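Peer 1: The structure is given below, and queries will be raised subsequently.
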Amino acid sequence: MLKIPKKTNMNTTAQILMKREFVDMVISGQIRRDETGLEGELYLSKLFEEELQVKPIILYGVRLVVEEKECQFDCLMIFQDKCMLIEVKNYSGDYFYDRGKFYFVSSKDEIDSPLEQLNRATRMFRKFLREIKMNFEVIPRLVFTGKEFQLYQSDLSLPIIHPGQIRRFIKKLNNESCYLNQRHTKLEEIIYARHRVFSSYEKKYEYEYDQLDKKMSCEKCDGRMESISQVKMKCSKCKVIERTQIALTRNIDEFIWLFPEMKITTSRIYEWIGESISQYSVRKYLKSHMIEKGNNKDRSYVKL
Ligand SMILES: [Zn+2]
């Protein structure tokens, strides 16, 4: 779950909404930022795989609740006596740093400080370790991965790794003691157990059923899938072919994800998938894959 960088669940909702032509500038901006951020994390994880000779426990996208506040870090490395918290920023362009703040060079506009974010996460993670009575030194690092990124007036005392320093940073990590035992596995287990899959920020999206495009949506792209046989469907955009049952499962899951309170009925799902397969097939699927509730007139289904 946390072993490779992946899109955070925070934008699962956003992604499904975007597939269904829900236009919202805040959400599309969020998705773009998340995608760029993910590229940076993937780049770093690949370098770790290739160049790291020691074997610390590495977890990505950890989200914990400490004292009722949520904190998230891109990457956590567990060494023998240290935990390294890494915030990855895949910015590109010119920035400058001045007295704790970050600005665009061109517009002089201030941006949300990634250092502040990292410091907050570090404080919270230290609290978390105290809470679970584990003793590790916590070292924060802010890693900029964008090749086109330049930070002016950076202070040498800051825990920042610039794009050109990443390989040397990894080389240094190779000198860290890394004899891991049960203590480390236990920490990993506690983090897994406490990891919060869904961010509480997710709830901020507001949307309604009627605002969304009704179709059988393709997994690979945002295309519309059409039936090509009794059991198969084809995406009209990327031409991928998928078993109808799998496409339907995914589209119903998306419906449940977006509208957990809504009743699942044959006619509702038939509408949700843009009438792309027959009502009969929808009913047959629901009957065999879900639990029936209610009588003939008011029948609905719930997921197993
Ligand atoms: Zn497609």
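Peer 1: Pick from segment 65-83 the residues that are charged (D, E, K, R) and assigned to a loop (DSSP other than H, G, I, E, B): which of them is surrounded by the most Cβ atoms within 10 Å (Cβ to Cβ)? Steps first, please.
Peer 2: Residues of segment 65-83 charged (D, E, K, R): 67-70, 74, 81-82.
Pick out the ones that are also assigned to a loop (DSSP other than H, G, I, E, B) and you get 67-68, 81.
Numbers: Glu67: 9, Glu68: 5, Asp81: 14.
My answer is Asp81.
Peer 1: Shifting gears a bit: If the requirement is being surrounded by 14 or more Cβ atoms within 10 Å (Cβ to Cβ), farther than 18 Å from Met134 by Cα, of a type outside the set (Lys, Arg) and without any contact (Cβ under 8 Å) to a residue 40 or more places away in the chain, which of these qualifies: Ile31, Ile86? Quick ask: steps written out before the conclusion?
Peer 2: On the way: Ile86 fails: without any contact (Cβ under 8 Å) to a residue 40 or more places away in the chain.
Answer to the selection: Ile31.
Peer 1: Could you give every pair whose Cβ atoms fall below 9 Å, whose first residue belongs to segment 228-252 and is in a loop (DSSP other than H, G, I, E, B), and whose second residue is more than 12 Å from the ligand (Cβ to nearest atom), counting only separations of at least 6 or pairs across chains?
Peer 2: Ser229/Thr244; Gln230/Thr244; Gln230/Ser281; Val231/Arg243; Val231/Thr244; Val231/Gln245
Peer 1: Can you tell me which residues in segment 253-269 are loosely packed, with under 14 Cβ neighbours inside 10 Å and part of a loop (DSSP other than H, G, I, E, B)?
Peer 2: Pro260, Glu261, Met262, Lys263 - these are the residues of segment 253-269 that are loosely packed, with under 14 Cβ neighbours inside 10 Å and part of a loop (DSSP other than H, G, I, E, B).
Peer 1: Could you check how many residues of segment 201-230 are within 16 Å of the ligand (Cβ to nearest atom) and modelled with pLDDT of 90 or more? I'd like the intermediate steps shown before the answer.
Peer 2: Our first condition is that a residue be within 16 Å of the ligand (Cβ to nearest atom); within segment 201-230, this holds for 213, 215-228.
Applying the additional criterion that residues be modelled with pLDDT of 90 or more yields 213, 215-218, 223-228.
Summing the residues that are within 16 Å of the ligand (Cβ to nearest atom) and modelled with pLDDT of 90 or more in segment 201-230 gives 11.
Peer 1: Please verify whether segment 218-228 includes one or more residues that are under 30 Å from Asn295 (Cα atoms) and surrounded by fewer than 18 Cβ atoms within 10 Å (Cβ to Cβ). Walk me through how you get there before you give the answer.
Peer 2: Here is the first cut: in segment 218-228, the residues under 30 Å from Asn295 (Cα atoms) are none.
Scanning segment 218-228 turns up no residue that is under 30 Å from Asn295 (Cα atoms) and surrounded by fewer than 18 Cβ atoms within 10 Å (Cβ to Cβ).
Peer 1: Let me ask something else about it. Yes or no: segment 234-248 includes at least one residue that is over 28 Å from Asn295 (Cα atoms), at pLDDT below 95 and either more than 16 Å from the ligand (Cβ to nearest atom) or of a type in the set (Asp, Glu) (or both).
Peer 2: No.
Peer 1: Follow-up. Would you point out the residue of segment 84-117, among those that are part of a loop (DSSP other than H, G, I, E, B) and of a type outside the set (Ser, Thr, Tyr), that is nearest to Ser177 (Cα to Cα)? It would help to see each step written out before you state the result.
Peer 2: If we filter segment 84-117 for residues that are part of a loop (DSSP other than H, G, I, E, B), which is where we start, we get 90-92, 99-100, 105-109, 112-113.
Filter again for of a type outside the set (Ser, Thr, Tyr), leaving 90, 99-100, 105, 108-109, 112.
Working: Asn90: 29, Arg99: 34, Gly100: 32, Val105: 40, Lys108: 42, Asp109: 42, Asp112: 34 Å.
So, considering only residues that are part of a loop (DSSP other than H, G, I, E, B) and of a type outside the set (Ser, Thr, Tyr), the one nearest to Ser177 (Cα to Cα) is Asn90.
Peer 1: Okay, next question. Filter segment 48-64 down to the residues that are outside any strand (DSSP E or B) and either under 17 Å from Leu2 (Cα atoms) or not assigned by TED's automatic domain parsing to the domain that holds Leu187 (or both) and list them by number. Can you show your working first?
Peer 2: Narrowing segment 48-64 to residues outside any strand (DSSP E or B): 48-56.
Those that are outside any strand (DSSP E or B) and either under 17 Å from Leu2 (Cα atoms) or not assigned by TED's automatic domain parsing to the domain that holds Leu187 (or both): Phe48, Glu49, Lys55, Pro56.
Peer 1: Shifting gears a bit: Could you check, for segment 154-161, whether at least one of its residues is touching a helix residue (DSSP H, G or I) at 6+ places or on another chain (Cβ under 6 Å) and of a type outside the set (Gly, Ala, Ser)?
Peer 2: At the first step, the residues of segment 154-161 found to be touching a helix residue (DSSP H, G or I) at 6+ places or on another chain (Cβ under 6 Å) are 161.
Going one step further and asking which of them are of a type outside the set (Gly, Ala, Ser), we end up with 161.
Yes - at least one qualifying residue is present in segment 154-161.
The values are calculated or read from the model by the stated rules, or taken from the named source; none is laboratory data. The shown structure was predicted, so the numbers you read here are calculated from the model rather than taken from an experiment. Here the Cβ is made from the backbone with ideal geometry for all residues, glycine too, and neighbour counts use every protein chain on show.
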